[in-house]
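Just below is one structure, and these are the notes that go with it.
The values are calculated or read from the model by the stated rules, or taken from the named source; none is laboratory data. This structure is a prediction, so every number in the text was calculated from the model and none was measured. Heads up, the Cβs are rebuilt from the backbone with ideal geometry, glycines too, and the neighbour counts pull from every protein chain shown. Only protein heavy atoms, including side chains, enter the accessible area calculation; ligands, DNA and RNA are left aside. Shrake-Rupley method; radii C 1.70, N 1.55, O 1.52, S 1.80 Å.
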Amino acid sequence: MSPLSARRPHPDEDIDPSALADTIARAAAESLRLELETYPKPGLVSPIDSGSHADMDAGTFRASSAAIAPFFRDLALAGQAGAPMPALRRIGLQAEASMRAATGGVNTHRGAIFGLGLLCAAAGAVPRPAAGALGALVRDRYGAAILDGPVLLHAPGARVRRHHGVGGAPAEAAAGFPSLYRVGLPALRRARQLYPGDGEAARVEACLALIAHIEDTNLLHRGGPDGLDYARAEAARFIAEGGVARAGWRGHVEALHRAFVARNLSPGGAADLLAMTLFVDAVEARP
């Protein structure tokens with residue numbers, strides 16, 4: 001059975017902290033696997049091709065996911081213990097070091113370690129989360145510390161945020177992941193109703209909806225404001241014209257994928273949020 005469909009404990013059952021952390025870590029790893037396996041995703045790595053990336057492929061992502069999975073368990077346990085943000089940061093830095101050792105220094109999952117890691121900590125603190133509970137806990141418990149935390153001055157995302165005046169991943173997390181709850185989850189569930197047996201179609205819909213919505217610092221880094229505007233406009237057009245409900249949707253997104261690659265665009269922030277959306281969809285109760 002997939003960890004994403006694991007049976008929820010009855011409210012009267014005791015929850016073993018170690019077993020819960022294992023379940024959370026498996027769900028996080030599965031969300032990363034499903035994000036990678038999704039195709040087409042404009043500009044992004046999949047088992048079909050490497051998108052706009054010359055330094056990584058699906059194998060790189062699989063190695064990275066395996067390397068960081070144990071740290072999601074550690075983050076879940078830290079959340080259970082009520083650990084403050086500095087403790088989560090230390091675990092995150094260990095996860096990043098393991099990622100880089102597994103990938104030869106390539107940054108495959110830094111954004112996912114940050115965002116998905118916070119959600120794992122929240123899931124550890126709230127064993128049976130209601131709809132919206134994980135984002136609310138991240139906002140209320142960690143939001144201020146996220147915004148007041150250290151800045152990696154030479155990291156591409158930090159440079160882009162300073163140069164273009166956008167909040168990026170830290171602002172999204174500190175606010176409780178509003179893009180995930182207001183855009184990613186509704187798109188995923190809308191498309192799932194259209195295609196009950198096609199999880200990939202639902203993931204593509206969620207990915208394009210997120211590209212259209214967020215100020216993705218990866219797109220700004222690679223394409224500047226023009227690249228970001230192009231990506232958002234094309235993704236928004238796809239959604240406005242029916243998304244995966246339209247005839248021939250797959251061919252349209254494949255063409256968009258090629259166009260992103262031609263422009264060297266890669267919406268990595270949307271990819272991270274897609275994985276987080278899948279995680280939240282799996283572990284939170286439905287509204």
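For region 235-251, the set of residues classified as buried (at least 19 other Cβ atoms within 10 Å of the Cβ) and either of a type in the set (S, T, N, Q) or over 16 Å from Arg203 (Cα atoms) (or both) is empty. From the residues in region 103-116 that are touching a helix residue (DSSP H, G or I) at 6+ places or on another chain (Cβ under 9 Å) and assigned to a loop (DSSP other than H, G, I, E, B), which one is surrounded by the fewest Cβ atoms within 10 Å (Cβ to Cβ)? Residue satisfying both the conditions and the ranking: Gly104. For the condition loosely packed, with under 14 Cβ neighbours inside 10 Å and within 22 Å of the chain's Cα centre (by Cα), Ala285 qualifies. Considering Ser46, Ser31, the condition of being assigned to a helix (DSSP H, G or I) and modelled with pLDDT of 95 or more is satisfied by Ser31 alone. Within region 252-270, if we keep just the residues that are within 21 Å of Ala173 (Cβ to Cβ) and open to solvent by less than 10 Å² (accessible area, probe 1.4 Å), the residue that is nearest to the chain's Cα centre (by Cα) turns out to be Ala270. Of the numbered criteria (1) within 20 Å of Glu35 (Cβ to Cβ); (2) open to solvent by 20 Å² or more (accessible area, probe 1.4 Å), the one Phe279 fails is (2). Residue count for region 194-227 under the criterion of being in a helix (DSSP H, G or I), under 18 Å from Leu274 (Cα atoms) and either at pLDDT below 95 or open to solvent by less than 50 Å² (accessible area, probe 1.4 Å) (or both): the result is 17. Selection of region 12-28 for residues being modelled with pLDDT of 95 or more and open to solvent by 70 Å² or more (accessible area, probe 1.4 Å) yields only Arg26. Restricting attention to region 48-73, the residues being open to solvent by 60 Å² or more (accessible area, probe 1.4 Å) and not β-branched (Val, Ile, Thr) number 7.
Yes/no per residue for (1) part of a loop (DSSP other than H, G, I, E, B); (2) within 18 Å of the chain's Cα centre (by Cα); (3) at pLDDT below 95:
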residue: Leu118; (1), (2), (3): no, yes, no
residue: Pro129; (1), (2), (3): yes, no, no
residue: Ala136; (1), (2), (3): no, yes, no
residue: Arg141; (1), (2), (3): no, no, no
residue: Pro150; (1), (2), (3): yes, no, yes
residue: Gly176; (1), (2), (3): yes, yes, no
residue: Arg182; (1), (2), (3): no, yes, no
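Candidates Arg89, Arg100: the one that is touching a residue at least 24 places away in the same chain (Cβ under 8 Å) and assigned to a helix (DSSP H, G or I) is Arg89.
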